[in-house]
1. Please give the number of the condition residue 203 fails out of (1) surrounded by 12 or more Cβ atoms within 10 Å (Cβ to Cβ); (2) more than 27 Å from residue 103 (Cα to Cα); (3) modelled with pLDDT under 85.
2. Cβ-Cβ below 6 Å, separation at least six or inter-chain, first residue in region 10-23 and under 10 Å from residue 272 (Cα atoms), second in a helix (DSSP H, G or I): which pairs?
3. Can you pull out the residues in region 272-310 that are in contact (Cβ under 8 Å) with a residue 60 or more places away in the chain and within 30 Å of residue 179 (Cβ to Cβ)?
4. How many of the residues making up region 88-132 are out of contact with any strand residue (DSSP E or B) (no Cβ under 7 Å at 6 or more places or on another chain), under 29 Å from residue 152 (Cβ atoms) and outside any helix (DSSP H, G or I)?
5. Scanning for something under 13 Å from the mean Cα position of the chain (by Cα), closer than 18 Å to residue 266 by Cβ, modelled with pLDDT under 90 and buried (at least 21 other Cβ atoms within 10 Å of the Cβ), does region 95-105 turn up at least one residue?
């Protein structure tokens, strides 16, 4: 009985320590999540307006810039965003399942030739290594207060591969932040910037990511102009604007991924803390019952001994 009580006390002490750790991790993740969600929401309005401008340019000037030239998906470059660490629930699992399904859908296309990846995050590197996928390069996860400067190497490598012809399509695959309890894998075509894709992305942004006031702003009040005036020249303006808009879209994906990671980790640690509390309550009840049974047994032995002496 003494060993049983000692084991119960040891288990209760270990679970209490684990509960303190998970609670602390929940508070840290909640603090990071608030800032990450705020950054993602602030950039959404700008990204929505950027897509509207880009949609007009792509419709009125098709093929004027290499980024606007529609191509068949022969060689696809996928930028896969994940976390460096675990303890974030099923976030990475859902993301990797979506990546596998996307690769399978690519292989069913008649024009498909190859797919390669840029892995952002240690978990993505491990997943692609297990799947024996071609990884062009790998970067650490940008989850702790990412800045626009941090993603410049990723954008430079992706756009360079597209302009050189090493990739016909560049795709972003990341966890889209919906709420603290919901994060959905999202696949977005980054390059080329076709009118059809832009219209679909613009509609998705207006419906699921913005407030009602922003949705009203997203709907054009008048038909688009028949001509855009560029100064000094269309080629020079597009060569400056389109790379910047592409950079914004990658940055938006990074912010969405960071917000999703912190929110998923916060919820996972909260569930772990609740489970630890439930287990601790059960062990406490078992400990008290065992201790009471020991006391009752000792009292019975004392009563029996006294009765024998009498």
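1. It fails just one condition, (2).
2. Filtered contacts from region 10-23: 18/276; 19/273; 19/276; 22/269; 22/272; 22/273; 23/273.
3. 272, 273, 276, 277, 279, 280
4. 2
5. Within region 95-105, none of the residues are under 13 Å from the mean Cα position of the chain (by Cα), closer than 18 Å to residue 266 by Cβ, modelled with pLDDT under 90 and buried (at least 21 other Cβ atoms within 10 Å of the Cβ).
The values are calculated or read from the model by the stated rules, or taken from the named source; none is laboratory data. Just so we're clear, the structure is a prediction, and the values are computed from it rather than from any experiment. All Cβ positions, glycine included, derive from the backbone under ideal geometry; neighbour counts span all protein chains shown.
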